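Working notes, structure below.
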Amino acid sequence: MTGITQELAAFCADLTYDALPSKVIERAKLLILDTAGIIIRARHDAESTPSLMASVKRLGLTDGQCSVFGDNVAYAPPAAALVNGILAHSLDFDDTHAMASLHSSAPIVPAALAAAELSGASGRDFIAACVAGYELQIRLSLALRPSDHYDRGFHPTATCGVFGAAAAAGKLLGMSAEGIQSAFGIALSQSAGSMQFLADGSWTKRSHVGQAAQNGLICAVMASEGFKGPKAAFEGEWGFLHAYAPDADYDEAVAELGERWETLNLAVKPYPSCRYSHASLDGLIQLKNEYDIDANEIEEVEIGLAEMGWKIIGNPEEAKHHPKSVVDGQFSMPFCAAVVLREGGMVWDDYAKHINDANTLELCKKVNVSIDQRVEDLAPDLMSGTVRIKTKAGEYETLIKVALGEPENFMSEKQFRGKFDGLCAPYLGQEKSGKLANALMHIEEANSLRSVMELSQPNA
């Protein structure tokens with residue numbers, strides 16, 4: 001199929017706030033609120049943040065005009081996009097798309113934020129740009145067939161995210177369809193993100209998402225100044241869809257464009273762990289509450305996942321039973337299961353509490369993870385999970401088809417605000433946290449984003 005790059009660029013350039021369905025606008029605002037809260041907490045409380053901030057300072061990127069949520073320093077635009085992007089993914093608490101198997105806001109919102117501050121764009125323009133980025137990124141991953149893309153070692157959040165970031169930034173810079181098409185061509189050479197971090201719990205899953213935000217912004221600015229990129233970035237002989245997967249579905253990239261809003265298919269996380277764990281965590285919490293299960297009485301736990309989920313959070317068993325770091329814990333179904341069985345839920349602060357807790361780690365070893373054909377049959381449309389708990393008093397079992405936070409079981413605004421306040425209040429205070437949440441939920445009324453960003457600055 002020819003003309004995909006041109007068609008997608010025209011869609012992004014032409015999309016306006018007024019053309020968006022109201023439900024898409026409301027969903028985008030909740031996603032932006034969610035992302036901001038994660039960034040603020042990660043700015044102060046992620047183990048990778050000190051080295052990130054020291055690197056940015058050493059590179060001389062702290063004298064600029066753009067903001068980072070939860071920070072009172074002005075950064076150079078690429079640095080702001082980089083830092084916000086890395087922080088947005090540092091807790092692995094950000095939104096996901098099941099069928100595309102990626103995170104959207106982490107690379108896109110930070111690029112859009114920097115571009116909006118550069119151009120003085122309004123909140124309405126900011127929302128439209130984020131939606132353009134979401135739609136572009138998600139569709140590219142769907143076209144690649146994410147399982148094939150993963151099998152080649154790529155992380156689609158970043159590889160597709162750089163194009164979504166370029167789309168969002170280009171739109172806020174006022175670029176034409178031809179300019180955004182050129183930005184896509186430049187971004188083709190910046191599309192990267194390796195899954196090798198799973199081997200040792202390293203931090204690059206965070207960094208390459210931030211680099212996607214940074215590079216997308218840079219590519220858009222370069223194109224806006226006349227730098228030329230190849231025109232067939234997606235469908236070309238050496239283009240993205242050909243080079244990054246063995247059997248891409250080119251038509252899927254533009255199917256029902258402007259009619260089917262993939263933004264509405266983004267899910268959010270009530271728990272700070274890999275999305276593949278969430279249905280099972282819901283099931284564990286349900287059984288624990290329904291049958292008043294005491295973690296000390298548990299003899300065995302069986303978790304059933306789809307093959308893709310098992311590959312990421314269930315295998316290899318030895319490593320998943322012995323997490324050494326927060327990243328290990330986020331991608332360990334046994335560890336997350338042990339935490340919710342002891343706590344009745346899971347919040348970000350549970351990592352510090354449990355990652356070296358002997359009782360939690362002992363319970364972790366009792367959790368076995370396997371591929372369940374019932375769950376596999378529901379994938380990739382649903383990230384479902386089965387749970388069976390064996391105790392001295394009996395056995396209890398459930399299947400959770402739709403996890404909390406999925407589009408069909410979406411979190412309420414009240415639940416979003418609860419998550420936001422829990423992340424932000426320790427650093428902003430309850431009053432300022434509430435004011436920032438209100439501003440973000442009414443961001444379409446803002447003439448620029450600077451006043452909103454000022455509310456995110458920490459108390460002295």
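The values are calculated or read from the model by the stated rules, or taken from the named source; none is laboratory data. From a predicted model like this one, the values you see are computed outputs, not experimental measurements. Ideal geometry is used to build each Cβ from the backbone, glycine not excepted, and the neighbour counts take in all protein chains shown. Just so you know, the surface numbers come from the protein's heavy atoms only, side chains and all, with ligands and any DNA or RNA stripped out. Shrake-Rupley method; radii C 1.70, N 1.55, O 1.52, S 1.80 Å.
Figures for the structure shown
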quantity	calculated
Gain upon complete extension [Ser448, Tyr250; 0.36 nm per residue less C-alpha separation]	67.6 nm
Under 18 Å from the Cα of Lys231 - lysines, other chains or at least 8 residues apart	Lys171
Farthest toward positive dipole pole in segment 192-341 [+1 Lys/Arg, -1 Asp/Glu at C-beta], among Leu284, Pro334, Ala253	Ala253
Accessible area per residue in Å² at 1.4 Å probe, computed on segment 31-151	24
FRET efficiency estimate (nearest 0.05) - Cβ-Cβ, Lys435 to Lys390, R0 41 angstrom	0.25
Label-to-label distance, nm, for residues given as Asp292 and Thr2 (7 Å Cα→Cβ offset)	7.2
Segment 375-457, Cα convex hull volume normalised per residue, Å³	161
Two-decimal log10 I(q)/I(0) for segment 248-309, as the Debye equation yields it once each C-alpha is a single scatterer, q = 0.18, 0.23, 0.27 Å⁻¹	-0.85, -1.07, -1.16
In order through segment 315-326: 3J(HN,Hα) via Karplus (6.51 cos²θ - 1.76 cosθ + 1.60), integer Hz, x for Gly, Pro	9, x, 4, 4, 5, 5, 7, 9, x, 10, 8, 4
Charge dipole of the chain about the Cα centre (unit charges at C-beta), most positive-ward option of His321, Gly309, Leu428	Leu428
The chain, dipole about Cα centre (Lys/Arg Cβ +1, Asp/Glu Cβ -1), debye to the nearest 20	1140
Value of relative contact order over segment 31-84, rounded to a whole percent, pairs C-alpha under 8 Å and six or more apart	31
Spin-label model distance (nm) - Glu413 vs Arg58, 7 Å beyond Cα toward Cβ	4.5
Label-to-label distance, nm, for residues given as Asp381 and Asp349 (7 Å Cα→Cβ offset)	4.0
Relative contact order, percent, segment 160-319 [alpha-carbon distance under 8 Å, six or more residues apart]	21
Base-10 log of normalised Debye intensity for segment 1-95 (one unit scatterer per alpha-carbon) at q = 0.19, 0.23 Å⁻¹	-0.92, -1.06
Paramagnetic reach from Arg374 in segment 392-425 [backbone N under 15 Å; point 7 Å along Cα→Cβ]	395-403
Rounded tilt (10° steps) of 430-441 against the dominant C-alpha axis of the chain	50
DSSP-assigned coil residues among GluC sites (Glu not before Pro) in segment 198-240, each with at most 11 further Cβ atoms within 10 Å	Glu225, Glu237
Unsatisfied cross-links (Cα-Cα over 26 Å) in the set Lys23/Lys435; Lys353/Lys435; Lys205/Lys432; Lys29/Lys269	Lys353/Lys435; Lys205/Lys432
Two-site FRET efficiency, Asp148 against His322, from Cβ-Cβ distance with R₀ of 25 Å, rounded to 0.05	0.25
Modelled FRET efficiency - R0 25 Å, Lys365 with Ser194, Cβ distances, 0.05 increments	0.25
Relative contact order (%) - the chain, alpha-carbon pairs under 8 angstrom, separation at least six	20
Anchor Lys366: lysines whose Cα lies under 18 Å away (excluding residues fewer than 8 positions away in-chain)	Lys288, Lys320, Lys324, Lys390, Lys392
Cα-derived Rg to Rh of the chain, Kirkwood definition	0.97
Segment 114-273, Rg to Rh (Cα coordinates; Rh as Kirkwood inverse mean 1/r)	0.96
Dipole moment magnitude, nearest 20 debye, segment 1-103 about Cα centre, only Lys, Arg, Asp, Glu C-beta charged	220
Three-way shape call for segment 1-54 based on the alpha-carbon gyration tensor, with the a/c threshold at 1.5	oblate
Reduced Cα scattering model of segment 330-375, Debye log10 I(q)/I(0), q = 0.26, 0.28 Å⁻¹	-0.92, -1.03
Helix axis angle, 177-187 relative to the chain longest principal axis, alpha carbon, degrees	50
Accessible carbon and sulfur surface of the chain relative to its total accessible area, %, 1.4 Å	48
